[in-house]
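Down below is the structure, laid out as structure tokens.
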Amino acid sequence: MNDVATRRAYLADVLTARTHGHPVTTHHAVRILAQSPWATAGRNTARKDLRALAARGVLASTVDLTTGRRQYLINTRKDAA
């Protein structure tokens, strides 16, 4: 497994364990990665990782209608990847 895949798997595992159904934003992902072996990963990396996890079906992407910001939820559907 390459470093990008390892980082994304780590992020998915932490989000699954910590979010408890609450939405995740890029800000949350940056804070999680700052305490990981990828502490130098910035906002753009976190954004790409969240989009990749959503594309794989791990996360479901939504837009908060009050703020207009993208947020992600752990996908609990049985047919998700």
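The values are calculated or read from the model by the stated rules, or taken from the named source; none is laboratory data. These numbers come from a predicted model, not from an experiment. Virtual Cβ from ideal backbone geometry, glycine too; neighbours counted across all protein chains shown. Heads up: the accessible areas ignore ligands, DNA and RNA and are worked out on the full protein's heavy atoms, side chains in. Shrake-Rupley method; radii C 1.70, N 1.55, O 1.52, S 1.80 Å.
What nm distance separates the two modelled labels at R18 and R51, each placed 7 Å from Cα along Cα→Cβ?
Here the modelled spin labels are 2.3 nm apart.
Taking Cα atoms of the chain, Rg/Rh with Kirkwood Rh, to two decimals? Intermediate results must be reported in sequence, preceding the final value.
Details: Rg = 12.0 Å, Rh = 12.7 Å.
Computed over Cα atoms, the ratio is 0.94.
Ignoring any ligand, DNA or RNA, what whole percent of the accessible area of the chain comes from carbon and sulfur when the probe is 1.4 angstrom?
On the way: 2800 of 5340 Å².
Ligands and nucleic acids excluded, carbon and sulfur reach 53 percent.
Using only alpha carbon pairs under 8 Å that are at least six residues apart, calculate the relative contact order of the chain and give it in whole percent.
Numbers: 80 pairs, mean separation 23.3, N = 81.
Across the chain, relative contact order equals 29 percent.
For the chain, what does the accessible surface come to per residue with a 1.4 Å probe? Please give it in Å². Write down the numbers at each step before the final one.
Values: 5340 Å² over 81 residues.
Normalised by residue count, the accessible surface of the chain is 66 Å².
For the chain, what does -39500 (n - 2.57) per DSSP helix run (n ≥ 4), summed and divided by total residues, give at 222 nm, in deg cm²/dmol to the nearest 500?
Working: 3 runs with 38 residues, N = 81.
That calculation yields -15000 deg cm²/dmol at 222 nm.
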